[in-house]
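The values are calculated or read from the model by the stated rules, or taken from the named source; none is laboratory data. The structure displayed is predicted, hence computed values, not measured ones. For neighbour counting, all protein chains shown are included, and Cβ atoms are generated from backbone atoms with ideal geometry for every residue, glycine included.
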Amino acid sequence: MVVSPHPLAAALIERLQGGNGMRVLDFAAGNGRNTAALQAAGIAVLAVDDEAAATAEALRDISGPFDATISTHGLLHGTYDAIALRIAAIAERLRTGGLLYATFGSVRDARFGQGRRLADWTFAPVDGDERDVPHTYFDRDRIAALVAPYFDIESLEEVGVDDVAGRWAHLAKPLQSAAHWFAILRRR
């Protein structure tokens, strides 16, 4: 099955067109749909798989600087503190002015408050494809505070993602009324 790149990956490709020698980090590359699209556009990509991306240490041995990072689900999963550590690790590997195109969970997502509560704003589903996977949800102010030490916000938009994430990613329990923040951030 051919899976289209995430809309943020498509937007990043469009933005980087003609950028000879650009290096992009695909953080939590999943099924590789974004990596493949970036490579097809002639962009050099280093993909970090989901398992390695589960901790900030995954980037310890990866040297930058990168011109951009794409993370369409690596910052959706985990506790607030774990996500904050990943943000810091990504920021350390981006050049000044480098871009982070990323998704974050939204408090408007139907799954917010559902499942096992792990902390304020963090819940783990008790069934389905993401059973026991922590999901932290954000409002606009919490995202701004999370990224403020490293990034300026270029764009922050809430988007319904039932069709974006697709049934291929949620086979056992398809998404219904899911919402993510689509963030475009610039490294200070």
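Tabulated results
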{"item": "Any hit, segment 159-173, residues being more than 19 Å from PRO5 (Cα to Cα) and at pLDDT below 95", "result": "yes"}
{"item": "Count - residues of segment 125-162 that are part of a strand (DSSP E or B) and in contact with a His (Cβ under 9 Å, 6 or more places away or on another chain)", "result": "5"}
{"item": "Any chance ALA40 is surrounded by fewer than 16 Cβ atoms within 10 Å (Cβ to Cβ) and aliphatic (A, V, I, L, M)", "result": "yes"}
{"item": "Flag for GLY115 being in contact with a Pro (Cβ under 7 Å, 6 or more places away or on another chain) and surrounded by 15 or more Cβ atoms within 10 Å (Cβ to Cβ)", "result": "yes"}
{"item": "Test: residue in segment 108-130 that is charged (D, E, K, R), within 24 Å of ALA47 (Cα to Cα) and modelled with pLDDT of 95 or more", "result": "no"}
{"item": "In segment 83-107, the residues that are surrounded by fewer than 17 Cβ atoms within 10 Å (Cβ to Cβ) and of a type outside the set (Ser, Thr, Tyr)", "result": "LEU85, ALA88, GLU92, ARG95, GLY97, VAL107"}
